[in-house]
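Student: Have a look at this one before I ask anything.
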Amino acid sequence: MNKDWFVDWFNTTYYHTLYQHRDEGEACRFIDNLCAYLEIKKNAKILDLACGKGRHAIHLAKKGFQTTGVDLAEKSIQIAQENALETKVDNTRFDIHDIRETYTEKSFDYVFNLFTSFGYFEDPKENLKVLAAASGNLKSKGVFVLDFLNVQKIIPNLIPKETKYLDGIRFDIERKYNGKHIIKDIAVHDQNRTLNFQERVAAFDIHALLEMTSEVGLKVVDLFGDYDLNEFDSEKSERLILVMKIKN
């Protein structure tokens, strides 16, 4: 299996089939809450790292912000561009880009990395590069928001096995924690063939993330535990949302 599992998985149509029912209302509500909390001004420049099909970036564009969405998956960027055309937003753009590298140095008021689009790399140094690059994209007083899962709540509640039937395709899903990563093995049964994919996310807790962000020159100025921006609780919160600025 490809070491960088996301290269294969995110570029297959099966990925989009499996996650076709993601809660768009929840995503929009999160963006609305975030924008209100941050008091983002009109025409602010926002970079959406690992933007996927662009749902967050397009919603931000609809609110009047200048948005850029980047992702390594060519298929996702293609869909994002099509979605932007359909919704007729002209203040957003999408580009294929590796988030381990700075996209445009010191150019954005806000950088967002949302919906657990972090911790994908096997080597911890590669995950640090993502944080460093995110910081590099920011203007001096810019804000970086990282939306990660709360591993302290998720790991004890993993569903070991699950089967889903979507568009005539069977997805057999197995989840486990190996001490370092939360792993999801996905067997796709489509007509007479079976394909196997995997998702791997590093199980960073709050302490690990605070250490990593500090190492790349970022300071955490606020923490939230869900998309309604309630206070983070390590035992109860589903999410771990960090709001960061560059250290002076």
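The values are calculated or read from the model by the stated rules, or taken from the named source; none is laboratory data. Not measured: the values here are computed from a predicted model. Glycine also receives a Cβ, built like all others from the backbone with ideal geometry; neighbour counts cover every protein chain displayed. Protein only, heavy atoms only, side chains kept; ligands, DNA and RNA dropped before computing areas. Shrake-Rupley method; radii C 1.70, N 1.55, O 1.52, S 1.80 Å.
Student: When only alpha-carbon atoms are used, what values of Rg and Dmax, in angstrom, describe segment 70-180?
Tutor: Rg and Dmax of segment 70-180, Cα atoms, are 17.4, 50 Å.
Student: Sum up the charges of everything whose Cβ sits under 14 Å from the Cβ of Val188, counting Lys and Arg as +1 and Asp and Glu as -1, but leave Val188 out.
Tutor: Here the charged neighbours net out to -4.
Student: Something else: Pairs of lysine in segment 128-221 with Cα under 20 Å and at least 8 positions apart or on different chains: total?
Tutor: 15
Student: For segment 33-120, compute the number of Lys pairs whose alpha carbons are separated by less than 26 Å, excluding pairs fewer than 8 positions apart on the same chain.
Tutor: So the count of such lysine pairs works out to 28.
Student: How much of the pair distance distribution for segment 207-248 lies past 18 Å, counting alpha-carbon pairs only, in percent?
Tutor: Everything past 18 Å amounts to 29 percent.
Student: To one decimal place, what orientation-averaged projected area in nm² is obtained for the convex hull of the Cα set of segment 1-106?
Tutor: 7.3
Student: Using the Cβ atoms and a cut-off under 11 Å, what net charge is assigned to the surroundings of Leu114, where Lys and Arg are +1 and Asp and Glu are -1?
Tutor: Once positives and negatives cancel, what remains is 0.
Student: Moving on. With all pairs of different alpha carbon atoms counted, what Kirkwood hydrodynamic radius in Å does segment 1-48 show?
Tutor: For segment 1-48, inverting the mean 1/r across all distinct Cα pairs yields 13.7 Å.
Student: Match the structure shown to one of the listed values [x] 17.0, 48; [y] 20.9, 68; [z] 17.7, 59 of Rg and Dmax of the Cα atoms in Å, computed from it, and give that label.
Tutor: Read-out from the structure maps to [z].
Student: May I ask you to give the solvent-accessible area per residue for the chain, in square angstrom, as obtained with a 1.4 angstrom probe?
Tutor: 50
Student: Quick one: if the Förster radius is 30 Å, what FRET efficiency do Arg193 and Lys161 give, using the C-beta to C-beta distance and rounding to 0.05?
Tutor: So the FRET efficiency works out to roughly 0.90.
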